[in-house]
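The values are calculated or read from the model by the stated rules, or taken from the named source; none is laboratory data. Everything numeric in this text was worked out from a predicted model, so none of it was measured. Quick reminder, even Gly has a Cβ in these numbers, built from the backbone with ideal geometry, and neighbours come from all protein chains shown. Just the protein is used for accessible areas: all its heavy atoms, side chains included, with ligands, DNA and RNA removed. Shrake-Rupley method; radii C 1.70, N 1.55, O 1.52, S 1.80 Å.
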Amino acid sequence: MKAGYKLPEVTFHTRVRDDSIGGPNPFKWEDKTTSDYFAGKRVVLFSLPGAFTPTCSTYQLPGFEKGFPEFKELGIDAIYCMSVNDSFVMNKWAQSQELENVGVIPDGSGEFTRRVGMLVRKDNLGFGLRSWRYAAVVNDGVVEAWFEEPGLCDNHGEDPYGVSSPENVLKWLKGEEAVAVA
């Protein structure tokens, strides 16, 4: 994936709150597509190896959450976090992180991640197939800028983080020199 490419059209199986259901689990299934998330908007999409993992939960997701007002000032309509996790996991992670500004997209089967070339094996960590860490600025479904961590490969021994950080994406949006935009 790189600047100028259109995101693949994929259907995501999500669980959304529906208070009319009542009870302890007032959620229903709702399919959403790539177009539902990206059409007519300028957004930041970032993807990471897994919900509840250390770097993702400590730095990347909280950084985008806290930085949303500045992203909005720079013309970003929404910020989405994607992971190869199911909707139950993504929703529980969003709840535990007390998200108000970042939406979560469950790529449970990894279809979107595979089609953008970011699906990697993480068997060395017991994860199976997961996303390589990246971020993108997407305008009406077309990649405007791509921020991919170095070393894309299966079973990487480390978890590189920096290129896809909120700080680096903000630098690019401000017209400053960003680190290693792929």
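Can you pull the three principal axis extents for the Cα set of the range 5-174, in Å, largest first?
Taking max minus min along each principal axis of the Cα atoms, the range 5-174 gives 46, 40, 30 Å.
Where the centre of each part is set by its Cα atoms, how far does the range 13-40 sit from the range 118-182, in angstrom?
Spelled out, the Cα-based centre of one part sits 27 Å from the other.
Quick one: dipole size for the range 5-174, taken about the Cα centre, charges +1 on Lys/Arg Cβ and -1 on Asp/Glu Cβ, in debye to the nearest 20.
Approximately 100 debye in magnitude.
Given the pairs LYS28/LYS171; LYS41/LYS66; LYS72/LYS92; LYS92/LYS122; LYS2/LYS72, which are separated by over 30 angstrom at their Cα positions?
From the list (LYS28/LYS171; LYS41/LYS66; LYS72/LYS92; LYS92/LYS122; LYS2/LYS72), the Cα-Cα distance tops 30 Å for LYS28/LYS171.
Which percent, to the nearest 5, of DSSP beta bridges fully inside the range 5-174 are antiparallel?
Looking only at bridges with both residues in the range 5-174, the antiparallel portion is about 70 percent.
Can you show me the helix-derived [θ] at 222 nm for the chain, built from DSSP H runs with n ≥ 4 at -39,500 (n - 2.57) apiece and divided by the number of residues, rounded to the nearest 500.
Estimated from H runs of four or more residues: -6000 deg cm²/dmol.
Could you tell me which residue out of LEU48, ILE105, ASN124 lies farthest along the dipole of the chain toward its positive end? Charges go on the beta carbon: Lys and Arg +1, Asp and Glu -1, centred on the Cα centre.
Value computed over the given set: ASN124.
With the radius of gyration and the Kirkwood radius both derived from the Cα set of the range 1-47, what is their ratio Rg to Rh?
1.12
Probe of 1.4 angstrom, ligands and nucleic acids ignored: what's the accessible area per residue over the chain, in square angstrom?
Per residue, the chain has 48 Å² of solvent-accessible surface.
Within the chain, what's the longest stretch lacking GluC sites (Glu not before Pro) that sit in DSSP loops with no more than 11 other Cβ atoms inside 10 Å?
1-97
Can you give the relative contact order of the range 5-174 as a percent, counting alpha carbon pairs under 8 Å and 6+ residues apart?
That works out to 25 percent.
Give me the percent of the accessible area of the chain that comes from carbon and sulfur atoms, probe 1.4 Å, all protein chains in place.
49
Along the three principal axes, how long is the range 122-182 when you take its alpha carbons, biggest first, rounded to the nearest angstrom?
38, 24, 15
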